[in-house]
1. Identify, please: which residue in segment 33-48 is open to solvent by 40 Å² or more (accessible area, probe 1.4 Å) and of a type in the set (A, V, I, L, M, F, W, C) and is, among those, nearest to VAL20 (Cα to Cα)?
2. Restricting to segment 16-29, what's the tally of residues that are of a type outside the set (D, E, K, R) and within 14 Å of the chain's Cα centre (by Cα)?
3. Please find, within segment 1-17, the residue that is modelled with the highest pLDDT out of those that are open to solvent by less than 50 Å² (accessible area, probe 1.4 Å) and within 22 Å of GLU57 (Cβ to Cβ).
4. Select from segment 18-48 the residues that are at pLDDT 95 or above and among the charged types (D, E, K, R) and list them in ascending order.
Amino acid sequence: MDARDLIGSVEKNSAEIVRVGISRFKGNTYVDIRLWLLNEGGKDPVPTKKGLCLRPEIIEELLPMLEKAVVKAQRIEPSAHEERSML
């Protein structure tokens, strides 16, 4: 993903970031949501195969579903097992 096509990134953890950008392939334009690995020092992230590359109209259809999923996930209380594993 070229720097000019990068929309933004979010740190997933100390070793990974999620980047959102625009990519082009065979004359088509896509929204690319991809996991990138950070090397030591956090410089020069490397893309992984993990991610989605979808047409913009598919993203538009997904946005309301993602918003609902976030609201629902925030209402769910973690189980005792999940709480222990997060420590």
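The values are calculated or read from the model by the stated rules, or taken from the named source; none is laboratory data. Note that the structure is predicted; figures quoted are calculated from it, not measured. Note: ideal-geometry Cβ built from the backbone for every residue, glycine included; neighbour counts use all protein chains shown. Calculation scope for accessible area: heavy atoms of the full protein, side chains included, ligands and nucleic acids excluded. Shrake-Rupley method; radii C 1.70, N 1.55, O 1.52, S 1.80 Å.
1. ILE33
2. Filtering segment 16-29 for residues of a type outside the set (D, E, K, R) gives 17-18, 20-23, 25, 27-29.
Subsequent filtering for residues that are within 14 Å of the chain's Cα centre (by Cα) retains 17-18, 20-22.
Residues that pass the stated criteria total 5.
3. First, the residues of segment 1-17 that are open to solvent by less than 50 Å² (accessible area, probe 1.4 Å): 5, 8, 15-17.
This time we only want the ones that are within 22 Å of GLU57 (Cβ to Cβ), so: 5, 8.
Values: ASP5: 93, GLY8: 96.
By that ranking, first place goes to GLY8.
4. Matches in segment 18-48: ARG19, ASP32, ARG34.
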